[in-house]
Amino acid sequence: REEGGDRPTAVYSLFLKGTLVALSEFRRRGWHCPNDISLIGFDDAEWMQVTWPAIAAVVQPVREIAGNAMEVLFRRIEGE
């Protein structure tokens, strides 16, 4: 919301493509991370590490979460 001089100070993106789109839009507007606006992505991608500075990302241990979920599911199926 640039018209009123009120623009966000940070963006949290839930999708990799959304993070890339946000970064592209910041650059189009001439905003620099993290001086003008902060950007945090969800899930890490290699390209996030080659930006300067690197984009912060929330990283979840998906394999571990899935493994635990399957373990619980199989225990329930077996009646535990």
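The values are calculated or read from the model by the stated rules, or taken from the named source; none is laboratory data. Given the structure is predicted, the values throughout are model-derived calculations rather than measurements. Neighbour counts run over all protein chains shown; Cβ positions are idealised from the backbone, glycine included.
Miscellaneous remarks
- Segments classed as strands (runs of 3 or more DSSP E), wholly inside the chain, with at least 1 members that are modelled with pLDDT of 90 or more: 10-12, 38-42
- Subset of the range 16-34 [loosely packed, with under 12 Cβ neighbours inside 10 Å and either aliphatic (A, V, I, L, M) or under 17 Å from residue 58 (Cβ atoms) (or both)]: 17
- Pairs are defined by a Cβ separation below 8 Å, a sequence spacing of at least 6 or placement on different chains, a first member in the range 66-80 that is free of Cβ contacts under 8 Å to residues at least 60 places away in the same chain and loosely packed, with under 10 Cβ neighbours inside 10 Å, and a second member that is of a type in the set (Ser, Thr, Tyr) and part of a helix (DSSP H, G or I); no pair meets this definition.
- Some residue of the range 47-56 being without any contact (Cβ under 8 Å) to a residue 24 or more places away in the chain, surrounded by 10 or more Cβ atoms within 10 Å (Cβ to Cβ) and of a type in the set (Gly, Ala, Ser): yes
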